[in-house]
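The structure under discussion appears below in the form of structure tokens.
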Amino acid sequence: MMLLDFSPTEWQAITLSLKVSLVATICSLPVGILAAYALARWDFYGKQLLNGLVHLPLVLPPVVTGYLLLTVFGVRGPVGGFLQDLGIVFAFRWTGAVLAAAIMAFPLLVRAIRLSLEAVDPKLEQAAATLGASRLWVFITITLPLTLPGILAGSVLSFAKALGEFGATITFVSSIQGQTQTVPSAIYALLQVPGQEGAALRLVVVSVVLAMGALLLSEVLARRATKRMRGT
Amino acid sequence: MSLSISIQHRFDGFDLDATFAAPEGLTVLYGRSGSGKSTIINAIAGLMRPHAGKIVVGTEVLQDTQAGVFVPPHKRRLGYIFQDSRLFPHLSVARNLDYAAHAARREIDPQHRARIVDMLGLAPMLNRRPVALSGGEKQRVAIGRALLADPQLILADEPLASLDSERKSEILPYFEQIRDETDIPIIYVSHSADEVARLATTVVALERGAVIRQGPALDVLADPNAMPLGLGAVGAVLDARVVAHHTDGLTELSAGQDTYFLPRTRLDVGQHVRVRLPASDVMLALQQPVGFSALNSVAGTITAVQPTSASSAIVTVLTSAGPVLARVTQRSVAALELQAGKPVFAIVKTVAIASDIGA
């Protein structure tokens, strides 16, 4: 198996990509659920603004998102400087790659959860309230379980998107081997050097397999969750 | 425990202004769709907030807009039975039944639970999901879920409306049982005269957002003025007892001192039933009639003659079992000189057992 004979550098890129994507997905999940809930259920001033903000990374050139991240979260940025005092640094660290991936994948996550939330019948939540469940309890025992298919699908989709994130990541945290060089960055770096096409191809195959796997998993999970919810 | 309500709410082109009291037993909010019944029941549940009003159960104020009191739905200790069941699809029947106890972090009394499971025949379906249940079964689970919420008030919003007549007759007895065996007030929304006749202890008749009549069920149903709310055929309702089943296929009932016959029913001898006598099937005679084909004639005294149109009138006859209504022509009123105080005989062609309604 020539193809699976990865060099340490390639392994680093693959494990870093997986770590970054996983952490990005897990960390953005609570925020994503909250944003989806707000967009699906609440009426508030500035709702369209929030909707726009959430979807912005989808339509902005990734390099712009990366630049904005650098400006805001860079060491000398308004938020980055403050966070640095607390010992949290994003710029040119793997945590920065997580932030970039999370923000780029956020629209997909929120969309999937929101669609699923909107399919939950508010009448069921009302019924739960008449049975003595507080708002939080209704959310935990009724809304959240019924939204599970969307949450699973959105998470897997967000994970796959994070795996493939390139533009914002390389702009924000560059491509430092072992630090911020994810699979896409590594492929790009390899392609810059003559004679490295073999290594690039191996990582390309890894990318395709991971992405396809994630999509299939998302489908299977969503279907199984839906089936369980509907109780067949 | 009783419930008192006074609410005012303004919709587009529709004002709701209703004040009534519901004593123990089953109170039917009765009226056409759009009369405000569902709005009222949802206000009691706290699912909609009327612009102004006061809702009190026993001594507990659930809402008082003047005092700025609003108890949220989950603190009202309700058992709300919805028309569309609203079972939680991702939970088994057992988990649906125990939902309220879990929400309140309350211990489930296994005996109480077993009694309700037994009464509603839920044992075989406890591990199933709602999707695997028929409409009637779903509604039985919904009733069980409401009862197991340890409610101080039971609300039912047209709980039979989405069921076919066979399922209706399957569910109706449970409401009778709850009415007779608990002292929890039940507020029951319906637009069916049959359900009212069979279930109601108290009737609150609503029309276009206003209470047009309220009182004990038998009184309201015997009131020809309650007709505009679409009682279908106006008709009195009497309490009766099954006396005997005769070999010629008739069942004998006694109501007050009167005897009624009707085609044989499945009822047990000694059982108490409510019978409905549609006013259009009651004729009046001045003498004890002889030689006629109708089986039932009872003596009484006219208490009211109420014209309903240029040609017809509703005559209220007080019999030993209560008022009976007869729909007669104005010509007969004149010819027989029907007026209050006059003794007459009511010839009853049809006696419908309210319990058989829907069967």
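Bear in mind that the values in this text are calculations on the coordinates, not laboratory data. Being a predicted model, the structure only gives us computed values, none of them experimental. Note that each Cβ is placed from the backbone with ideal geometry, even for glycine, and that neighbours are counted across all protein chains shown.
A few notes on this one:
- Per-residue shielding of A:118-127, expressed as the average number of other chain Cβ atoms within 10 Å of the residue Cβ, stands at 4.
- Calculated log₁₀ intensity ratio I(q)/I(0) where the Debye formula runs over C-alpha points of the protein assembly as shown, q = 0.07, 0.09, 0.10, 0.13 Å⁻¹: -0.62, -0.83, -0.93, -1.25
- Listed residue pairs exceeding 26 Å between alpha carbons, taken from B:37/B:138; B:54/B:168; B:54/B:138; A:123/B:75: B:54/B:168; B:54/B:138
- Ranked from largest, the principal axis spans of the Cα set of segment B:1-145 equal 47, 32, 28 Å.
- Its alpha carbons give chain B an Rg and a Dmax of 22.4, 71 Å.
- Global geometry of segment A:156-204, whether rounded, prolate or oblate, following the gyration tensor of its Cα atoms and the 1.5 cut on a/c: oblate
- Separation in nanometres of the label points that stand 7 Å from Cα toward Cβ, at residue A:53 and residue B:65: 3.6
- Value in Å of the Kirkwood radius, where chain A supplies the Cα pairs that are averaged: 19.2
- Gyration tensor verdict on segment A:86-129 (Cα atoms; rounded if a/c is under 1.5, prolate if a/b is larger than b/c, oblate otherwise): oblate
- Residue order for A:45, B:99, fewest other beta carbons within 10 angstrom first, comes to A:45, B:99.
- Shielding by partners for peptide B:65-74, expressed as the average number of C-beta atoms from other protein chains within 10 Å of each residue's C-beta, is 2.
- Projected area, mean over directions - segment A:52-159, Cα convex hull, nm²: 8.7
- Counted charge near residue A:198, where neighbours are those whose Cβ lies closer than 15 Å (Asp, Glu -1; Lys, Arg +1): -2
- Per-pair calculated FRET efficiency, R0 = 30 Å: residue B:181 and residue B:4 via Cβ, rounded to 0.05: 0.80
- Listing B:108, A:187, A:113 from fewest to most neighbouring C-beta atoms within 10 Å gives B:108, A:187, A:113.
- Selection of trypsin sites (Lys or Arg not before Pro), segment B:89-190, meeting DSSP coil and at most 15 other Cβ within 10 Å: B:105, B:106
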